[in-house]
Structure formats: structure tokens, C-alpha cells
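Each remark here refers to the structure printed beneath this line.
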Amino acid sequence: RIVYKKGFHKGVMNENCGKYAGMKVEKAKELIKNELVKQGKADVMYEFSEPVVCRCGGKVIVALHESWFIDYSNKEWKELAKKCLREMKNIPEATKNDFFHTIDWLNEWPCVRNYGLGTPLPQDKRFIIEPLSDSTIYMAFYTISHKIKNYSASQLKKEFFDYVMLGKGKENRVSNATGIPEKELKELRKEFLYWYPLDWRCSALELIQNHLTFMIFHHVAVFPEQHWPRGIAAWGMGLLEGGKMSSSKGNVVLASQAVSEFGADTARLFLLSSVEPWQDFDWKAKEVKNYQHRLESWFKKVLRLSSANKKMQERRIDKWLLSEAQEIIKNTTAALEKLETRKAALECFFRMDEIIKWYEKRAETINKEVMDYVLETWIRLLTPFVPFACEELWEKTGHKGFVSLSSWPEFQKKFFDKNLGKGEELIKRTQEDIKEIVKLVGKKPKNIKIYTAPLWKYEIYADVLKNVKSNKEIIPLVMKSEHGKKYKEHALKFAQRLAKEFEGNEILSEEEEFEALKDAEKFFEKTFSCEVEVLHGTGQESEKARNAEPGKPGIEIIA
């Protein structure tokens, strides 16, 4: 076996092998086989890769007298399939290579069987088309299936499908042949053209080696290029409590069972957000139950927040909430366009929940107009994930019709301000820093002063951001500057820190930091139950002010 394996993969044909001399054995074997078959000196025998045993324990012997094959070895056909694949989107992207590999090795594929349900083979009614070869362009039929229910099967002739799906033939002739009015034929053709080409075919990873690649081959054989499929997403497998799902072993969760126990929305949210579609999901009852509790809490939260009735002028925190909502709209939409359902759910369910929690902490009162907009956006974004709950909330929050028929939220540039986001992150970090200091001090604070960094540090940072290509250049640049000469040791210390940590990110100006922190004064006072004062660091005698840096305010606590 070892000798055969090495000979096959590394061996070269001897000099006495004629036109095959010098050729690799693995390549020559296929060519010689084809030549012998063509000359009638050899035949092809099909054999199972493993022994087949009956349930009763007896051997199973199958004699294959005749069969039908689809010849995927046709070079021109392969090139068309590759052209389609090159222009196609694949999720995950790595599967594109798997498709190319499959196109290369596919040759004659036995495409029929003589038992079970299925489509009769047109060339030989004794056989039916086997499942992997069948149902490869049925999505084209879906485009019109809802409009042809009143026609008899005898009316759906070749002329009908040639016209509707390929645009072949004249309406009057097709109408005469099928008995379908010309107007209806035109409508059906219009319907097909509206939906096709297929944007996404979603199926299992293990079908790349056959069914999904067949779909590409069959589309390029039947349809013009403008109607070739645009994308294939290959899904992962399902696990149950860490083990492989197996119907034969009874280790499965039926959809009806999942819905009955947890609800359809919970099942959907778990499946869509626990992993990305191409990853294997693991159905764990305890985790699904946690999702159910989270979903119930979300439902109650939306109802509670929708009851806010105070109208007021927009505050900084209101503008921040509107801005964050825009980023969530943008990120969720982008993720769903790439079928990244987990990434989308993390944005529109979990992150939105977190920003509303922060808003409630920061805002003394809820701005009704702002909250109504955010809740409406939230419900719309979550409709693909939890449609039943969203429809109910849509009605309970005073909207008409169905949310599933409403427009998808659009990113509104007028509401988006990235500096508002940076400002709130600064407030969060400052709050955590104060908590840590209070914990170290071990006493309740009586007074807290928060200093922005001296203005010259912001100017140095801006200079570094503009002129430095490598962190090695930072210290020389800073020390040669006017600020470096003026502040010497303080400038060197700041430059050394920048040299270690600088990543080329834009930061808030000193005034923007001050405005953000000043806006949070009352929030800090409420959080720490003491007087809090936010001050400009420039010109202050406090050591905390001198040591403050952009994005890292100085904190002085009197206990």
C-alpha cells in the first residue's frame, strides 16, 4: 500500500511508455484509462467505497445494468461555470476555492435512480432524477409559482417556460400553444424578470461538492449570463448539547418542539445570533432559555420606555442617543447585506440595549420625541430576528399596519456625530477611574475635581498625528518643538508615553473634552453623592491637572 501510494503520487512513467514517458503517474493513469475505454479495450465499473450491509446483517449486492449521467467533464461548460463563480459572492469567502476545486474534478455524474419519489427523467421515464441533480433551478419556478395555480399541468408546456424564463417565442404563438392569455404571459415574464437573477442560494456546506456546484452548472447551461446566480451562502451544521444531531439516534430538536417550548422568536434569535450562519450552532436548552428571558425583558422595556411623555429641547445626551442609533442602523444593515446575522444581532439587539441603558443612567428624564424615534428604529431593525414580538410591539406603540411592511431604517447623516460617541466614552472611562480611586482611598469622597489636560498636550498630539509616520519619530519631533523646549521634562514624559501607545487615532480637542465632561457634572454628582467640578487643565497649579493627558483627565478627590 505504501509503495503504491508513493508510486501514484510521486512516480514518473518510464521511457518505454511512448507518449506518456516522463509524465506523472497520477496524470498518466487518467489519460491511459480514457484511451483504453475509447478504443473499447476497457470498461468502467462502479464500486461502493465501503461495504454495504443490510439491517438484517446480510451483504448487499447491487448490479447496475444501465444508468444515465450528466457529463460535467465538458471543458466549455466548466469554463462557463468558472466564469459564473468568479463573479459570484461566496459566504464564507473561503468556499470559493472549494467550488473551483469541485468544478475541476467533476466529470460524469450518475443522475438517476429507479425508486422513490421524484421527477421522471424526460429521456427515459423508467428513471427518476436523483435529488442532488434535481431541484437546482427550482428557485426560478418560485418567481411565478404563486401566479400559475389556476393553470393545468398540460398548459405548462416547454413553450411556456421558454417564453417566461428565457424570453423565447412570440406571445401570440405561446398563447395559442398553451391557452394562456397573452396579457397573463406578459405579466408572468415581468414577474420572472423582477425577481431573477437569484441573489443568494443558502444551503449546507457539505453540498458544495455536489448539489450547489450542480446549481451553477445548470444555471449557466439554461440561462443567459444576466440571470446567473449572484451568491451562494454555505451554512454550518447543528449540534445538540455539544453532540452531533442525528435523527437515527433520536438526538434532534424538531422545529415544532423548539417553538412549543421556547417560542418562535426565541428560537430565531438564538439561531441567528449565537453564531454566524456558516458556523456550527449548538442548541443548548439552558442558553436558549436565557435568550427567552432576555427577549421578554426587552419586550417589557420597550413598552415601559414608550410610555415616556415629556417633551423637551434636545440635550447633548439626546443627540448622543440619536447618533448611536445611526451607527447601529449602518452596522446592522452592512452586516445583513453580508448575511452576518450574529454581527447584526450584536448591534441591533445587544448594543442598542446597552446604549439605552446608558442613556437612562445619564439622562435625568427621557425625551419622548427622541425615545419614540429610537424605539421605532429598534423594532424595525429587530423584525427579521423576532417578527412576532415586533408586530405586537408595533401595534402597542401606536403604529398602523404591519412593521414587516414598513420601510427599513435608513442612516441619517444629520443625526450622526462621532465626537458625541467619543465624549460619552470619555465620561464612562472617567467614571470608572473615579470608582477605582475611591476604592483605593477607602473613604467616601466629599469633593471631586476633574481636569482636562493642558492645551499644549493636545497641540503636540495634533502635530504628531499630522507629521509622524513611525512611533520612533515621536520623541525627536516633540523635543524639537516649541512645547518640547518650554515644558522639557513634562514634554519628554508625554512624548515617551505617546511613543509607546500612539496608534494614529483622532481625538477630541481640549474644548470638546471639557464640554463632554462638563455636561456630565450632575451625573457624576449623582453617582458619587458629592460635589463635582470640571475644570480646564491649562494654568492650573494642581499636579493632577499637569499630569492629565488627552483622553485621560486628571482626577482630584478630597475625602
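Points worth noting:
- Meets criteria (crowded, with 16+ Cβ neighbours inside 10 Å and within 30 Å of residue 374 (Cα to Cα)) for residue 409: yes
For (1) outside the structural domain of residue 150 (by TED's automatic domain parsing); (2) more than 14 Å from residue 83 (Cβ to Cβ); (3) touching a Phe, Trp or Tyr at 6+ places or on another chain (Cβ under 7 Å); (4) among the aliphatic types (A, V, I, L, M), each residue gets a yes or a no:
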site: 178; (1), (2), (3), (4): no, yes, yes, no
site: 184; (1), (2), (3), (4): no, yes, no, no
site: 188; (1), (2), (3), (4): no, yes, no, yes
site: 191; (1), (2), (3), (4): no, yes, no, no
site: 207; (1), (2), (3), (4): no, yes, no, yes
site: 214; (1), (2), (3), (4): no, yes, no, no
site: 217; (1), (2), (3), (4): no, no, yes, no
site: 226; (1), (2), (3), (4): no, no, no, no
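- Inside region 463-493, residues that are of a type in the set (A, V, I, L, M, F, W, C), within 18 Å of residue 453 (Cβ to Cβ) and in contact with a helix residue (DSSP H, G or I) (Cβ under 6 Å, 6 or more places away or on another chain) make up a count of 4.
- Condition check for residue 488: closer than 20 Å to residue 432 by Cβ and of a type outside the set (Val, Ile, Thr): no
- Residues of region 11-55 classified as without any contact (Cβ under 8 Å) to a residue 12 or more places away in the chain and farther than 29 Å from residue 69 by Cα, total: 10
- Test: residue 201 is of a type in the set (Lys, Arg) and in contact (Cβ under 8 Å) with a residue 40 or more places away in the chain: yes
- Considering region 394-440, and only residues there that are outside any helix (DSSP H, G or I) and acidic (Asp, Glu), the residue that is nearest to residue 509 (Cα to Cα) turns out to be 417.
- For the condition under 30 Å from residue 525 (Cβ atoms), in a helix (DSSP H, G or I), out of contact with any His (no Cβ under 7 Å at 6 or more places or on another chain) and of a type in the set (D, E, K, R), residue 443 does not qualify.
- Boolean, residue 73 is polar (S, T, N, Q), under 28 Å from residue 226 (Cβ atoms) and in contact with a strand residue (DSSP E or B) (Cβ under 8 Å, 6 or more places away or on another chain): yes
- Residue 497 passes every criterion in (1) at pLDDT 85 or above; (2) closer than 17 Å to residue 554 by Cα; (3) among the charged types (D, E, K, R) apart from (1).
- Restricting region 277-294 to residues that are modelled with pLDDT of 95 or more and surrounded by 19 or more Cβ atoms within 10 Å (Cβ to Cβ), the residue that is farthest from residue 353 (Cα to Cα): 288
- Index of the failed condition, residue 103 passing every other in (1) within 22 Å of residue 235 (Cβ to Cβ); (2) exposed (fewer than 13 other Cβ atoms within 10 Å of the Cβ): (2)
- When region 139-161 is filtered for residues that are in contact (Cβ under 8 Å) with a residue 12 or more places away in the chain and under 17 Å from residue 220 (Cα atoms), the ones remaining, listed by number, are 139, 140.
- Residue in region 131-184 that is modelled with the highest pLDDT, counting only those that are among the polar types (S, T, N, Q) and either touching a Cys at 6+ places or on another chain (Cβ under 8 Å) or on the phi > 0 side of the Ramachandran plot (or both): 133
- Among the candidates 49, 67, the residue that is surrounded by fewer than 11 Cβ atoms within 10 Å (Cβ to Cβ), assigned to a loop (DSSP other than H, G, I, E, B) and hydroxyl-bearing (Ser, Thr, Tyr) is uniquely 49.
- If the condition is being in contact (Cβ under 8 Å) with a residue 24 or more places away in the chain and of a type in the set (D, E, K, R), then region 430-458 contributes 433, 443, 444, 446, 449, 457.
- Hits in region 373-406 (condition: within 21 Å of residue 267 (Cβ to Cβ), among the polar types (S, T, N, Q) and surrounded by fewer than 17 Cβ atoms within 10 Å (Cβ to Cβ)): 404
- Here 258, 221, 234 are screened, and the one residue that is in contact with a helix residue (DSSP H, G or I) (Cβ under 9 Å, 6 or more places away or on another chain), of a type in the set (Gly, Ala, Ser), assigned to a helix (DSSP H, G or I) and buried (at least 17 other Cβ atoms within 10 Å of the Cβ) is 258.
- Lone unmet requirement of (1) within 44 Å of the chain's Cα centre (by Cα); (2) modelled with pLDDT of 95 or more for residue 439: (2)
- Check on residue 351, buried (at least 16 other Cβ atoms within 10 Å of the Cβ) and within 18 Å of the chain's Cα centre (by Cα): yes
- Considering only residues in region 164-215 that are of a type in the set (Asp, Glu) and within 24 Å of residue 340 (Cβ to Cβ), the one that is surrounded by the fewest Cβ atoms within 10 Å (Cβ to Cβ) turns out to be 199.
The values are calculated or read from the model by the stated rules, or taken from the named source; none is laboratory data. These figures come from a predicted structure and were not determined experimentally. Neighbour counts are summed over all protein chains in view; Cβ atoms, including those assigned to glycine, are modelled from backbone coordinates with ideal geometry.
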